[in-house]
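One structure is given here, and the rest of the page talks about it.
The values are calculated or read from the model by the stated rules, or taken from the named source; none is laboratory data. All figures in this text were calculated on a predicted structure; none of them were measured in a lab. Every residue, glycine among them, receives a Cβ derived from its backbone with ideal geometry; neighbour counts consider all protein chains shown. Side chains included, ligands, DNA and RNA excluded: accessible areas come from the protein's heavy atoms. Shrake-Rupley method; radii C 1.70, N 1.55, O 1.52, S 1.80 Å.
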Amino acid sequence: MTDVRDGEAEGRDRPRGRTRWGIFAALAAAPVLIVGTLVVGLVAFVLTDEEDVGAYVAEKADCGQALAFGGAALPEGARTESCTVARGIDTGYTAVFRMPRADVRGWLAGTYPAAPAPRSGCVDADADLCLDLGHSDALPPDVDAHGVQVTVEHSDARTALVRFSAFTI
């Protein structure tokens, strides 16, 4: 009579080399494969994307068009220095010009009659006056811009440097 242990008898029913860990290994590998595929896809997207999203390149623009985008016009006696447009997801126009210092407040009040008076406590340390308008504030209803920012620096007793910015959000 042979002495047969219980474990040896059970081992004969199971094929050699198989364990019960196979299903657990497959379940553990699934998240690694999913995350790995996502990472590879993201890297491929970044490396093959030819348009640099969010990188706006400013180019020269017509000053009348830049000011009109924000509901303004070049004031009497103004000399333009530069006007630009940057397009991408949003559009932004800038106009930089010099005008008689005494006419600045009148020009702003005539351009944006519903706007509050420009303030002197500006974020830009060089600015002597500033005006920030949103579409719901005081912009005319037919204006394409969602916001307008104007900063004014008093260059000397007679001249002001105006930086005008109109943009969509």
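For ALA44 and HIS154, what is the calculated FRET efficiency with R₀ set at 45 Å and r taken between the beta-carbons, to the nearest 0.05?
After rounding, the FRET efficiency stands at 0.25.
Hey, if we sort VAL39, VAL85, VAL32 by accessible area with the 1.4 Å probe, largest down, what's the order? It would help to have the intermediate numbers written out before the result.
On the way: VAL39 85, VAL85 5, VAL32 105 Å².
Solvent-accessible surface, decreasing: VAL32, VAL39, VAL85.
Can you work out ³J(HN,Hα) from phi for every residue in segment 157-168, in order, using Karplus 6.51 cos²θ - 1.76 cosθ + 1.60 and θ = phi - 60°, giving whole Hz and x for Gly and Pro?
The phi angles translate into 5, 10, 10, 10, 9, 10, 10, 10, 9, 10, 8, 9 Hz.
Which of the GluC sites (Glu not before Pro) across segment 54-96 are loop residues per DSSP, with 14 or fewer other Cβ within 10 Å?
GLU76
Counting only the heavy atoms of the protein chains, how much of VAL43 is accessible to a 1.4 Å probe, in Å² to the nearest 10?
My reading of the accessible area for VAL43 is about 80 Å².
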